[in-house]
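First comes the structure, then the notes that go with it.
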Amino acid sequence: MSQKNILLILSHAPYGDAYAKEALDIALTAAAFGLPVSLLLTQDAPYLLLKSQQPQQIQQKNFANICSALPMYDIENIYIEARAAQTKRITLDQLVVPATFVNQADIALMIRDHDVVLRF
Amino acid sequence: MRQVIINNTSIALDDEGYLLHLGDWSTPVAEYLAIEEKIQLTDAHWEIIEVIRNFYQQYELSPAMRPLVKAVTSTLGKEKGKSIYLMKLFPESPAKQAAKLAGLPKPTNCL
Amino acid sequence: MIFSILIYGSAHNSQSVHSAYRFTDSVLRSGHQIHRVFFYGESVHAASILSAPPRDELNIHQLWKDLAETHQLDIVVCIAAALKRGVMNEAEARRHEKASFNTQAPFELSGLGQLSEAAIISDRLVTFGA
Amino acid sequence: MTTLHTINKAPSDTSLWQSCLSAILPGDALLMIENGVYAASQTSITRQLQSMHDVSLYLLSADIEARGLTDQIRTDATLIDDQQFVELSCQHAKVVSWF
């Protein structure tokens, strides 16, 4: 199979709508297919990784648990838009997986350097 | 859907043999499902079933093949963390069959 | 050039499904190839044969059906997204013990793997978003 | 290795427009479709669009006409039809959709 890589950019927070869940399903499937997948969390998406989520009362699956499986799916390149994290006062130690902050210039280059870029 | 009686309890299965209610799982249920899959359960099977149940507990996902192999490697060691080893135990498809016997939903990635 | 199309917008509350239709039609008119069209998220409602818009309004289901049949297109509806939203063909309705079904060929229900495969095979994967 | 970016929301979705514009590199193209074409007549994002060097701006004509904006489109953007949208997709290495 070809060595195309995928950059998946998420922009929505969890729970309020289906974007994040449906985008993550694409990431997990593509990774299970053997495609190298990088994940970039922008705008409201950094909230997906918060350890402190407890969605039992709204009867949803916990995104903290789902996202903590990303390394098991060989999705280890997880990036967070630094600007978005700052405005939300989100720090790396609050997150379920190791991630890297990137600035706007990094993001532009990441988009250029991936073969397929999907944004949700 | 069909109902089967296991140890005097009525259990609902979907038409592919997966549990409809994940809470119905028990070791006798796994033994029953194994017979349907024509699998003779051994200790080697049980430890994989435990790994995959723990995976679901932790991540709320039925693992695809790759993450299943990783999980087996980290709990049972490198010798068992190989797709060939898992294929011997669950010949049709380890991710699907082990999920079924463990009472998990069918892995969506397989759909 | 080989194109695949990913549609993610709502079938009846966004322009997405129609924009994708026009683009797909133009790809074919330009002599390029469509490998697959993949309906995901709210766009899966476009696959419903029970959609009955007023006679003088756009029938997005019919447009896609006609285009797919004319060009033998592979139009795939994400099965997980569809079943969740009550869009299913006869086989799935039987499997899930539902009294009726509401989609059929040329719309095919299949998994997200079809999207990954399309991303690998195609020169361009173009998304029409919500 | 340039990118064709499409955007389908009006500039009132500032968060989306900010993200999109900051991701565009020299040589890339930006195509406004659906409600994205409302950027054609708005001054709010003009300064930002003008500050991007070597970026081609396009507007999808069907969406411009539908919204009655034909007479007021910006001079720095080119009107294109669906067929030209396909051509642009071929000219750039990939298409990224902002929605």
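The values are calculated or read from the model by the stated rules, or taken from the named source; none is laboratory data. Not measured: the values here are computed from a predicted model. Using ideal geometry, Cβ is built from the backbone for each residue, glycine included, and neighbour counts are taken over all protein chains shown. Only protein heavy atoms, including side chains, enter the accessible area calculation; ligands, DNA and RNA are left aside. Shrake-Rupley method; radii C 1.70, N 1.55, O 1.52, S 1.80 Å.
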What is the local net charge at residue C:89, summed over the other residues whose Cβ is closer than 13 Å to its Cβ (Lys, Arg +1; Asp, Glu -1)? 0
Excluding ligands, DNA and RNA, what is the solvent-accessible area per residue of chain D at a probe of 1.4 Å, expressed in Å²? 41
Can you list the residues, at least 5 places off or on another chain, whose amide H is less than 5 Å from the amide H of residue C:35, using H built in the peptide plane? C:3, C:4
Roughly speaking, what is the centre-to-centre gap between the stretch A:42-120 and the stretch B:74-96 when only Cα atoms are used, to the nearest Å? 30
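Compute the Rg/Rh shape ratio of the stretch C:2-128: radius of gyration over Kirkwood radius, all on alpha-carbon atoms.
Working: Rg = 13.9 Å, Rh = 14.6 Å.
Here Rg/Rh amounts to 0.95.
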Karplus couplings for the stretch D:81-96 from phi (6.51 cos²θ - 1.76 cosθ + 1.60, θ = phi - 60°), rounded to Hz, Gly and Pro as x? 9, 4, 4, 6, 4, 4, 4, 4, 4, 6, 5, 9, 5, 7, 10, 10
Ignoring ligands and nucleic acids, what accessible area does residue D:90 show with a 1.4 Å probe (Å², nearest 10)? 30
Inside 10 Å of the C-beta atoms of D:80-92, what's the mean count of C-beta atoms belonging to other chains? 5
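Summarise the partner chain shielding of A:69-77 as one whole number: the mean count of Cβ atoms from other chains within 10 Å of each residue's Cβ.
Average neighbour count from other chains, rounded to a whole number: 4.
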With labels modelled as points extended 7 Å from the Cα through the Cβ direction, what inter-label distance (nm, one decimal) is found for residue A:74 paired with residue B:54? 2.3
Let me know the Rg and Dmax you get for chain D when you use only its Cα atoms, in Å. 12.1, 35
Links exceeding 29 Å between C-alpha atoms in this model, out of A:61/B:70; A:21/B:70; A:21/C:98; B:70/D:94; A:61/B:88; A:21/B:96, come to B:70/D:94; A:61/B:88
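If each DSSP helix of 4+ residues adds -39,500 (n - 2.57) and the sum is divided by the residues in the protein assembly as shown, what number results at 222 nm, nearest 500 deg cm²/dmol?
Working: 18 runs with 168 residues, N = 460.
It comes out at -10500 deg cm²/dmol, rounded to the nearest 500.
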Can you sort A:112, D:67 by solvent-accessible area, 1.4 Å probe, largest first? A:112, D:67
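Give, in nm to one decimal, the length gained when the segment between residue C:94 and residue C:123 is fully stretched (0.36 nm per residue of separation minus the Cα-Cα distance). Before the final figure, lay out the partial values.
Working: separation 29, 0.36 × 29 = 10.44 nm, distance 3.74 nm.
Full extension from residue C:94 to residue C:123 adds 6.7 nm.
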Rounded to the nearest 0.05, FRET efficiency between residue A:58 and residue D:76 (Cβ-Cβ, R0 41 Å) equals 0.30
Protein accessible area in chain C, 1.4 Å probe - carbon and sulfur %: 46
Quick one: with all protein chains in place, what share of the accessible area of chain B is carbon or sulfur, to the nearest percent (1.4 Å probe)? 52
So for chain A, taking the charge dipole from beta-carbon charges (+1 Lys/Arg, -1 Asp/Glu), which of A:32, A:86, A:3 sits furthest toward the positive end? A:86
With a probe of 1.4 Å, find how much accessible area chain A has per residue, and write the answer as a whole number in Å². 42
Beyond 22 Å, what percent of the Cα pairs of chain A remain? 28
Efficiency of FRET between residue C:51 and residue D:65 - r from beta-carbon atoms, R0 25 angstrom, step 0.05: 0.40
Please report the base-10 log of the normalised intensity I(q)/I(0) for the protein assembly as shown, using a Debye sum with one equal scatterer per alpha carbon and no solvent, at each q in 0.10 (1/Å). -0.79
How many Å² of accessible area per residue for the stretch B:43-104, probe 1.4 Å? 47
Simple spin-label model, 7 Å along Cα-to-Cβ: residue B:35 to residue B:4 in nm? 0.8
Would you calculate the separation in nanometres between label points at residue B:24 and residue C:66, each defined as 7 Å from the Cα along the Cα-to-beta-carbon direction? 4.7
23 Å Cα-Cα reach of residue C:65 towards lysines, excluding residues that sit fewer than 8 places from it in its own chain: C:84
Pairwise burial C:B, computed as accessible area of each alone minus the pair, summed, 1.4 Å, Å²: 500
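About the Cα centre of chain D, how large is the charge dipole given +1 on each Lys and Arg Cβ and -1 on each Asp and Glu Cβ? Please answer in debye to the nearest 20.
On the way: 5 positive and 11 negative charges, 65 e Å.
Roughly 320 debye for chain D.
Using +1 on the beta carbon of Lys and Arg, -1 on that of Asp and Glu, and nothing else charged, what's the dipole of the stretch A:1-103 about the Cα centre, debye to 20? Don't skip to the answer; put the middle values down first.
Values: 7 positive and 8 negative charges, 33 e Å.
For the stretch A:1-103, the charge dipole is close to 160 debye.
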Compare the peptides C:55-67, A:25-37, C:99-111, D:21-33 by average per-residue count of other Cβ atoms within 10 angstrom and give them in order, highest first. A:25-37, D:21-33, C:99-111, C:55-67
